[in-house]
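Chemist: The structure that follows is given in the form of structure tokens.
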Amino acid sequence: MFPINTGKNIVKGASLYAIGSNIFSLGTPLRLFHLMAFHPKELLPPLADMQTAAYEQATKTAEFLKTSGFHILITFDPEKILTASCLKEESLRQMSPIVGMPADPMFVKIMDMANACSGAPIREELYYRGLIQDLVLNRGVKKVIQKIKPEYAEKLDSKIYTAVRILLTSAYFAYDHSGNNAIRGQSYVDAQVITAFFAGIRYGILKENVGLAGAIGGDIMQNIPEALIRNFYQGC
């Protein structure tokens, strides 16, 4: 049975993250939701930009698959994306046999939304904030210090070391996103790394004040507008 307190902390973390994001990002999340509700066309980038980005990602994916030993690339033709009437459908048609998913746009959208709003946040926060920030940099380091220099152990509970743990974890979180350049364009990855670093700081603060469930809630709140725009507001 799902613990009630865990659910409350997820909602609390999501709410605090939304408030913090709107304060420190000049209301960007609220503006996104406003645009989705009342001006969805303003979220649609120029077709040429979308085709260029999709072509770049498809080419990167093809290169990555070649180095991974896949031999299904005979039907994979990124060039077709540049002339497709619906680049998303063309990308999906080509990628579905490679990733083993049906070429049903709605199925893919639902799966992406489910992953962005539950699967990915849980995996990421368990690893980065649960394992790295807490188990390794907090409990693990404290255990080592208690054996070597026990007189310094209490300093690990200070706000300064807490901030260090959050920053180190956020830097690692951002660095891991740089690996996406295997299947994404470099400009996209650069922006994602910066976003991940500052988002990681907020997740880390939630972890320390609300718990791991709060960090998961914050991660979910970060992903919701991005997933909605990606799946329902950008292109056919």
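The values are calculated or read from the model by the stated rules, or taken from the named source; none is laboratory data. Here the structure is a predicted model, which is why all the values come from computation and not from measurement. Here the Cβ positions follow ideal geometry from the backbone for every residue, glycine too, while neighbour counts run over all protein chains shown.
Chemist: If we scan the range 159-169, do we find a residue that is surrounded by fewer than 19 Cβ atoms within 10 Å (Cβ to Cβ) and either assigned to a loop (DSSP other than H, G, I, E, B) or outside the structural domain of residue 132 (by TED's automatic domain parsing) (or both)?
Modeler: No, the range 159-169 has no match at all.
Chemist: Restricting attention to the range 173-209, report how many residues are assigned to a helix (DSSP H, G or I) and under 24 Å from residue 61 (Cα atoms).
Modeler: Number of matching residues: 21.
Chemist: Answer with yes or no whether residue 210 is over 22 Å from residue 137 (Cβ atoms), crowded, with 17+ Cβ neighbours inside 10 Å and among the hydrophobic types (A, V, I, L, M, F, W, C).
Modeler: no
Chemist: Can you tell me which residue in the range 1-18 is modelled with the highest pLDDT, limited to those that are over 19 Å from the mean Cα position of the chain (by Cα) and surrounded by fewer than 16 Cβ atoms within 10 Å (Cβ to Cβ)?
Modeler: Within the range 1-18, the match that is modelled with the highest pLDDT is 8.
Table: residues versus (1) outside the structural domain of residue 115 (by TED's automatic domain parsing); (2) at pLDDT below 90; (3) within 19 Å of the chain's Cα centre (by Cα).
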site	(1), (2), (3)
140	no, no, no
145	no, no, no
152	no, yes, no
175	no, no, yes
196	no, no, yes
207	no, no, yes
219	no, no, yes
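Chemist: Under the condition of being within 15 Å of residue 218 (Cα to Cα) and buried (at least 16 other Cβ atoms within 10 Å of the Cβ), which residue from the range 88-121 is farthest from the chain's Cα centre (by Cα)?
Modeler: In this case the residue turns out to be 117.
Chemist: Right, something else. If residue 29 satisfies every condition in (1) within 16 Å of residue 233 (Cα to Cα); (2) exposed (fewer than 13 other Cβ atoms within 10 Å of the Cβ); (3) at pLDDT below 75; (4) not basic (Lys, Arg) but one, which is the exception?
Modeler: (2)
Chemist: Specify which of the listed residues (123, 129) is among the charged types (D, E, K, R), free of Cβ contacts under 8 Å to residues at least 24 places away in the same chain and part of a helix (DSSP H, G or I).
Modeler: 123
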